[in-house]
Amino acid sequence: MLTKAEITEFLKTNGIKRDDKVVVHASLRSAGPIENGADGLIDAMISYLDRGLLLIPTHSVVAFGPDAAANTCISEYYPNYKEAFEYTGAVTYGKLGNSTVYVCDARKMTDTVKTLWEKADHDLCIKQESIPREYYLR
């Protein structure tokens with residue numbers, strides 16, 4: 001069972017500071033049993049982020065339609081960004097309970113996208129195409 005102490009350790013280990021602004025989009029089922037359920041996860045994060053901000057978006061069928069909810073994770077960036085985000089350190093991975101969690105640094109993600117778009121002659125989100133490595137390699 002995932003405890004408050006383990007959640008706190010996950011946040012620390014993954015470089016999240018007590019005054020950070022954190023957005024959580026989680027599959028509780030994937031994490032496995034959590035002490036006090038969803039409320040326990042939220043309580044642990046609120047306690048740790050006592051000087052920060054915790055945001056938990058709700059992605060609903062009403063907002064995005066039934067096909068989006070059924071077939072895609074609407075918070076995910078297009079797969080063609082994955083390698084660039086990993087290379088620049090904008091996305092890292094950690095273990096929380098039974099699941100592997102990606103931890104996103106919004107500032108690094110924004111900087112990475114800005115760098116990519118400065119070098120591209122079209123919107124890279126429109127097509128499922130590989131992003132040339134020279135766009136982000138330093």
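Laid out as a table, the results:
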| quantity | calculated |
| --- | --- |
| Cross-chain or 6+ apart pairs with Cβ under 8 Å, the stretch 22-38 first and among the basic types (Lys, Arg), then at pLDDT below 90 and exposed (fewer than 14 other Cβ atoms within 10 Å of the Cβ) | none |
| Given (1) part of a helix (DSSP H, G or I); (2) modelled with pLDDT under 90, number of the condition LEU11 does not satisfy | (2) |
| Subset of the stretch 14-39 that is β-branched (Val, Ile, Thr) and surrounded by 13 or more Cβ atoms within 10 Å (Cβ to Cβ) - its residue that is nearest to GLY97 (Cα to Cα) | ILE34 |
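The values are calculated or read from the model by the stated rules, or taken from the named source; none is laboratory data. On a predicted model such as this, the values are computed, not experimentally measured, just so you know. Note that each Cβ is placed from the backbone with ideal geometry, even for glycine, and that neighbours are counted across all protein chains shown.
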